[in-house]
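Scroll down for the structure; my scribbles are underneath it.
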Amino acid sequence: MKLFRILIFVFSLVALVLVACHFLLKPELAVLPGTSSEMHSANLSVSQGNVSNSTSTHIATQVPNPEVAEKLQVLAEIFKSKNDNDPRMDQVLKNLSEPVKLALQKQYSETKMEMRNERGTIAFLIGRELAEGRGSLTDVEFLKNILLEKPCLSLLDCSKASTGGSSEEEHLEGIHETTAHYPQLMDLRYLKQALESGNLTPEMKASIIATLEAARHSPNERVVQEAEAILNSVQNK
Amino acid sequence: MKRLTFFFSVLTFLTFSSFAHAALQFDSNVQPALKQQILEDFAFIQSIKSTQASPMHQKVFGTVDGTNYFNWFTKRVFSVGIDDCGSASAVACVIVMYANKIWMTKNYTQFNHPQIARLSVIYHEARHTEAQNGNWSHASCPTPYRNAQGQDMKSIWTGALLAGKPACDITAFGSYGSATIFLKNIGKYCTTCTDKVKADADLYGSDQLGRIIDPKSKKNMIADFAIPYKK
Ligand SMILES: [Zn+2]
């Protein structure tokens, strides 16, 4: 009987070790989206002390840059609060380093299409950097890809067109439509401001113009119209 | 006496801390999450400050100021109820037979609108509670009704043309106009707003401005937003 109890104890211990190993080798289960080992290689640096206890003994090269983790954490808190007027939006999420911008771009791609405010906020953060002279060609490429996305057809499910057609829908649907195109409209707003700022290098300016030219062929009709309008206003100046 | 002073101090604290809550009565079937979001959105609106406003804003709301916005709203809306507002995509509505009441749908929290866009919907609806002004009923959109690029204005949800539908205004002071004035002034003059809130206010203000179909009213509004009134 005593031997049987010892065997049960040893078996439990082995099982416990196996479970612990399983979680230690899968750190993405324990950390925030965008701070996992899947993150873009440019975001990563060898650093300790920025992950939860369950992963702190994990391979050092997979630990995110603390600056990246801090900014993503702040953004996650703002999104959770649904408070667009959180002052950290201007204090912490401004003057972004390249690794932070790349992490935001990755987060954008991992955010559901229906999260229009979240996706638009990331477009806003990258766009503001560009308009204030802190943009890069990678940022412009990111903004171009947003403009080439398929349009969001309804706010609860972007892939399905809404049915109905009551007068109530027409009454305030302009607001819904603006939200449906929100990431694209934020994007275009800051591309325009960047062009108007006059502080772009010739290479950056050419890249933005090329992005707007590409947006003329977007599957999103609203993007096509807005891009045309910006190009016309730039050419007329 | 000490006990009495303590009692009144507690009472005073409770009265002021629940000011927003007390000023708006919520029906018992308003879901806690929806009620909380509305109260949080009003806490934001009450925090707005500025030293400037356009003349039209001065006329409708006074200066760009959170207290003005909150008082303006609670003079018109006393209670909040739940309804589907006759559409799967409605966010809020006013039912004329229920005075001083705004009806909200679950879309207020389900749709992922920016905060100032959510608020603009309920400020638009609050204007519709003014029975003395015929509830600022909307005008029919013109036929044809086209945007600045010359394309037909149509529903992205159904593809239906907006031409002939009661989804426009002639006056600058109806629901579309007052919401535009509200948004454009916050976008331009709010000193306590983040860059995002100001950009959002400007963006959604342009949408509401698009529903003003009288060229003179629209021209006056655009000119108005360029003339700041200084406190
Ligand atoms: Zn209305």
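The values are calculated or read from the model by the stated rules, or taken from the named source; none is laboratory data. The structure presented is a predicted model; accordingly, all values stated were derived computationally and were not measured. Positions of Cβ are generated from backbone atoms using ideal geometry, with glycine treated the same way; all protein chains shown enter the neighbour counts.
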Practice problem: Any chance you could count how many residues in segment B:52-89 are outside any loop (DSSP other than H, G, I, E, B) and β-branched (Val, Ile, Thr)? | Solution: 5
Quiz item: Of the residues B:Ser155, B:Ser140, which single one is surrounded by fewer than 23 Cβ atoms within 10 Å (Cβ to Cβ), of a type outside the set (Asp, Glu), within 16 Å of the ligand (Cβ to nearest atom) and under 23 Å from A:Cys152 (Cβ atoms)?
Solution: B:Ser155
Exercise. State whether one or more residues within segment B:125-137 are within 14 Å of chain A (Cβ to nearest Cβ) and more than 12 Å from the ligand (Cβ to nearest atom).
Key: no
Quiz item: Within segment A:179-190, is there a residue that is among the hydrophobic types (A, V, I, L, M, F, W, C) and more than 23 Å from the chain's Cα centre (by Cα)?
Solution: no
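Quick grid of which residues meet (1) surrounded by fewer than 20 Cβ atoms within 10 Å (Cβ to Cβ); (2) free of Cβ contacts under 8 Å to residues at least 60 places away in the same chain:
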{"site": "A:Gly135", "(1), (2)": "no, no"}
{"site": "A:Phe142", "(1), (2)": "no, yes"}
{"site": "A:Leu155", "(1), (2)": "no, yes"}
{"site": "A:Cys158", "(1), (2)": "yes, yes"}
{"site": "A:Thr179", "(1), (2)": "no, no"}
{"site": "A:Tyr190", "(1), (2)": "no, no"}
{"site": "A:Arg216", "(1), (2)": "yes, yes"}
{"site": "A:Val234", "(1), (2)": "yes, yes"}
Quiz item: Consider B:Asn133 against the criteria (1) within 28 Å of A:Asn117 (Cβ to Cβ); (2) at pLDDT 95 or above: it satisfies all of them except one. Which criterion is unmet?
Solution: (1)
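For segment A:196-208, name all the residues that are part of a helix (DSSP H, G or I) and either under 23 Å from the mean Cα position of the chain (by Cα) or touching a residue at least 40 places away in the same chain (Cβ under 8 Å) (or both). Step through it out loud before you land on a result.
At the first step, the residues of segment A:196-208 found to be part of a helix (DSSP H, G or I) are A:196-197, A:202-208.
Listed by number, the residues that qualify are A:Ser197, A:Glu203, A:Met204, A:Ser207, A:Ile208.
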Self-check item: Filter result (aliphatic (A, V, I, L, M) and within 11 Å of chain A (Cβ to nearest Cβ)) within segment B:143-177
Solution: B:Ala148, B:Met153, B:Ile156, B:Ala160, B:Leu161, B:Leu162, B:Ala163, B:Ala167
Quiz item: Condition test on B:Gly187, is it crowded, with 24+ Cβ neighbours inside 10 Å and within 18 Å of the chain's Cα centre (by Cα)?
Solution: no
Quiz item: Somewhere in segment B:116-123, is a residue within 15 Å of the ligand (Cβ to nearest atom) and not aliphatic (A, V, I, L, M)?
Solution: yes
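Looking at this structure, is A:Thr121 under 23 Å from B:Asp207 (Cβ atoms), at pLDDT 95 or above, hydroxyl-bearing (Ser, Thr, Tyr) and more than 16 Å from the ligand (Cβ to nearest atom)? Full working, then the answer.
Details: under 23 Å from B:Asp207 (Cβ atoms): yes; at pLDDT 95 or above: yes; hydroxyl-bearing (Ser, Thr, Tyr): yes; more than 16 Å from the ligand (Cβ to nearest atom): yes.
So A:Thr121 fits the description; yes.
Does A:Ser162 satisfy the condition of being within 27 Å of B:Thr180 (Cβ to Cβ), surrounded by fewer than 19 Cβ atoms within 10 Å (Cβ to Cβ) and modelled with pLDDT under 95? If you could, list the steps in order and put the result at the bottom.
Details: within 27 Å of B:Thr180 (Cβ to Cβ): yes; surrounded by fewer than 19 Cβ atoms within 10 Å (Cβ to Cβ): no; modelled with pLDDT under 95: yes.
Against the criterion (within 27 Å of B:Thr180 (Cβ to Cβ), surrounded by fewer than 19 Cβ atoms within 10 Å (Cβ to Cβ) and modelled with pLDDT under 95), A:Ser162 does not qualify.
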Practice problem: Exactly one condition in (1) under 30 Å from B:Ser175 (Cα atoms); (2) more than 9 Å from chain B (Cβ to nearest Cβ) is not met by A:Ser197; state its number. | Solution: (1)
Quiz item: Of (1) of a type outside the set (D, E, K, R); (2) at pLDDT 95 or above; (3) surrounded by fewer than 24 Cβ atoms within 10 Å (Cβ to Cβ), B:Phe182 satisfies all except one. Which?
Solution: (3)
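For segment B:181-194, which residues satisfy the criterion of being under 17 Å from B:Gly62 (Cβ atoms) and more than 11 Å from chain A (Cβ to nearest Cβ)? Even if it seems obvious, please write down each step before you answer.
At the first step, the residues of segment B:181-194 found to be under 17 Å from B:Gly62 (Cβ atoms) are B:181-186, B:188-192.
B:Ile181, B:Phe182, B:Lys184, B:Asn185, B:Lys188, B:Tyr189, B:Thr191, listed by residue number.
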Quiz item: Is it the case that segment B:204-225 has a residue that's farther than 28 Å from A:Ala123 by Cβ, among the hydroxyl-bearing types (Ser, Thr, Tyr) and within 14 Å of the ligand (Cβ to nearest atom)?
Solution: no
Practice problem: Considering every residue within segment B:195-212, establish whether at least one is surrounded by 16 or more Cβ atoms within 10 Å (Cβ to Cβ), more than 9 Å from chain A (Cβ to nearest Cβ) and not in a helix (DSSP H, G or I). | Solution: yes
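One residue is enough: does segment B:184-195 have a residue meeting the conditions in contact (Cβ under 8 Å) with a residue 24 or more places away in the chain, within 15 Å of the ligand (Cβ to nearest atom) and touching a Gly at 6+ places or on another chain (Cβ under 7 Å)?
Quick first cut of segment B:184-195, residues in contact (Cβ under 8 Å) with a residue 24 or more places away in the chain only: B:184-186, B:188-193.
In the following step, the residues that additionally are within 15 Å of the ligand (Cβ to nearest atom) were identified as none.
No, segment B:184-195 contains no residue that is in contact (Cβ under 8 Å) with a residue 24 or more places away in the chain, within 15 Å of the ligand (Cβ to nearest atom) and touching a Gly at 6+ places or on another chain (Cβ under 7 Å).
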Quiz prompt | Members of segment B:41-87 that are within 14 Å of chain A (Cβ to nearest Cβ), crowded, with 16+ Cβ neighbours inside 10 Å, touching a Ser or Thr at 6+ places or on another chain (Cβ under 9 Å) and acidic (Asp, Glu) | solution = B:Asp83
Exercise. Pick out, from segment A:86-182, the helices (runs of 4 or more DSSP H) lying fully within it that include 3 or more residues that are closer than 18 Å to A:Val74 by Cβ.
Key: A:88-91, A:98-110, A:116-131
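Taking segment A:80-112 on its own, how many of its residues are at the interface with chain B (Cβ under 10 Å from one of its Cβ atoms) and either under 22 Å from A:Leu155 (Cα atoms) or among the small types (Gly, Ala, Ser) (or both)?
Just the residues of segment A:80-112 that are at the interface with chain B (Cβ under 10 Å from one of its Cβ atoms), to begin with: A:81-91, A:93-94, A:112.
From what is left, the residues that are either under 22 Å from A:Leu155 (Cα atoms) or among the small types (Gly, Ala, Ser) (or both) are A:81-84, A:112.
Residues in segment A:80-112 being at the interface with chain B (Cβ under 10 Å from one of its Cβ atoms) and either under 22 Å from A:Leu155 (Cα atoms) or among the small types (Gly, Ala, Ser) (or both): 5 in total.
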